[in-house]
Amino acid sequence: MQPDFYKEYAVVDRTHWWSIGRRKIILTLFNRLIPPNPHQRILDVGIGCGVMLAHLAPLGRAVGCDRSAEALRYAREAASEYLPASAKSALPDLIQAGAEHLPVADRSLDLVTLFDILEHVPDDRGVLHEAFRALRPGGMLCATVPVHPWLWGNHDLISHHLRRYRTGELEGKMADCGLEIFYRTYFNTILFPVAALIRLGRRMWGGRDLSTMGDLSIDRSEVPSDFSLTGPGLLNDLLAWVFSQEAKWLRVSRFPFGVSLLCLARKSDPASGHQNTV
């Protein structure tokens, strides 16, 4: 992200409808699929401004890493804000490091999270291989990514995205690394038509076209963020409520399409007999 975007994103991460809804969805799925365990080691890679990391801390021994010192500074504030006094012992550790070279030993982690990270890195396969290296046999990787290249827009540019994922692309790259996907679902589905209309409308009326996808030479400093479309207020609260309703549906089923994709995969453990349940 652009350095001056962190100040905006620190507010977005706490209050924007997209952040609230995504957090609700992820935590709902984790509560069902990954029970809390004080002994499990969790690494949240690319923590942004740290609000999600603060919510992961009670699930185990959480550590966050990000290449940006500015992100780590905001993450410390988020941890202090969101963790109750009774849970200060669960305050996550923070490490300055990139996703390509995780500062952890081989086979040392129980859970690695890559929440909207892979679209930022040139070598996403390398990041997946690095996560695989760090996971113990039977350990899990959770990744969320934006999907559908035809939805490419201003927000992708200002966030320094290099790609939006095609159908089956993330799953294939995970499988190539030796990860067994046992849960996948799209999300941000209810508001998908609205997102599609906005992105396609901007492109028709002079917005960025698909040729800008992955082009690092573009000047993104003057590109407006999609987050600016909805500030605090009734509309933001309504959208947060609507988006968060997807968490209830995902307790019993999955979505066949959406703006984003979530994949939960396991590092193969021959002794466990785990089977794919995509």
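Potential lengthening of the chain between residue 32 and residue 182 amounts to 52.7 nm, from the contour at 0.36 nm per residue minus the alpha-carbon distance. Note on residue 14/residue 269: beta-carbon distance plugged into 1/(1 + (r/R0)^6) with R0 of 30 Å gives a FRET efficiency of 0.20.
Taken along the Cα-to-beta-carbon direction at a fixed 7 Å, the label points for residue 257 and residue 108 span 4.5 nm.
Taken together, the values in this text are just the output of simple stated rules run on the coordinates, not laboratory data. If you're wondering where the values come from, they're calculated on a predicted model, not measured in any experiment. FYI the Cβ positions are ideal-geometry reconstructions off the backbone, even for glycines, and counts take in every protein chain you see.
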